[in-house]
């Protein structure tokens, strides 16, 4: 019988923890220097070259009030490469969990979390984690999903 | 070794800004330039917003760029370096970094091991942007 559930990774930036669907994750790399783009908006401050192509760096801290934005030249200890629609994104992170699985009945519309890139949240043990939604990110950035 | 492209490079704090050398017609000392004050490359690109350098350093040299319509001038206060990059290291920038259909002045990026990354400037797009800006100090 097929196991029911959603495979996830927890991606952390400072005090923010976000669940990311494992099937979107292409790689979890170590700290990587990124290339700052002149005049770039804060949410997409630069790019990294990954697998022979330039990938936009997304600063999750920019979407959550109270967190320190990624500083120029700052490389967080992990770089999570995520598929997002037809694009690929790089999420600098302070920590990344192992893959874990949650039953689908633990996924609910977002009520508790105020993370704007999540349309749903995971109720897991004694925690509530926002579930990162790439389409919401693209919408926030003004890019069609 | 593969095919290499040659760039005239302005070195900023964390990145080189490269103009394809084949599209730079000539470089003129600012003291020898008698036409209108050229727009500063870095101001056009918004490098100052990166906190890279205090603004308003006067241009020291003028770059005459070949454009589809002829030639256009831009200025820089920085020293110019010549740098070669393997063509297979140059990657197109993703659309996500150009919000709302903003002009793509930066075309490609290279991030070679052990060397500063390079952002390739599209000279035609840079000149088009310069034409829409009023250069600081241009009293003409």
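The values are calculated or read from the model by the stated rules, or taken from the named source; none is laboratory data. Predicted, not measured: the structure shown is a model, and the values here were computed from it. As a convention, Cβ positions derive from the backbone with ideal geometry for all residues, glycine included, and neighbour counts pool all protein chains shown.
So here's what we get for this one:
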| read-out | value |
| --- | --- |
| Residue within the range A:135-143 that is within 19 Å of residue B:92 (Cα to Cα) and modelled with pLDDT of 95 or more present | no |
| Strands (runs of 3 or more DSSP E) (entirely within the range A:1-47) containing at least 3 residues that are under 11 Å from the mean Cα position of the chain (by Cα) | A:6-13, A:16-21 |
| Strands (runs of 3 or more DSSP E) lying entirely in the range B:22-77 (those with 2 or more residues that are out of contact with any helix residue (DSSP H, G or I) (no Cβ under 9 Å at 6 or more places or on another chain), at pLDDT 85 or above and farther than 13 Å from residue B:10 by Cβ) | B:24-29 |
| Residue list for the range A:92-115, filter: in a helix (DSSP H, G or I) and either in contact (Cβ under 8 Å) with a residue 24 or more places away in the chain or touching a strand residue (DSSP E or B) at 6+ places or on another chain (Cβ under 6 Å) (or both) | A:104, A:106 |
| Filtered residues of the range A:87-101 (kept if surrounded by fewer than 19 Cβ atoms within 10 Å (Cβ to Cβ) and either touching a helix residue (DSSP H, G or I) at 6+ places or on another chain (Cβ under 8 Å) or within 13 Å of residue A:137 (Cβ to Cβ) (or both)) | A:87, A:99 |
| Residue A:123, sole failed condition from (1) crowded, with 20+ Cβ neighbours inside 10 Å; (2) touching a helix residue (DSSP H, G or I) at 6+ places or on another chain (Cβ under 8 Å) | (1) |
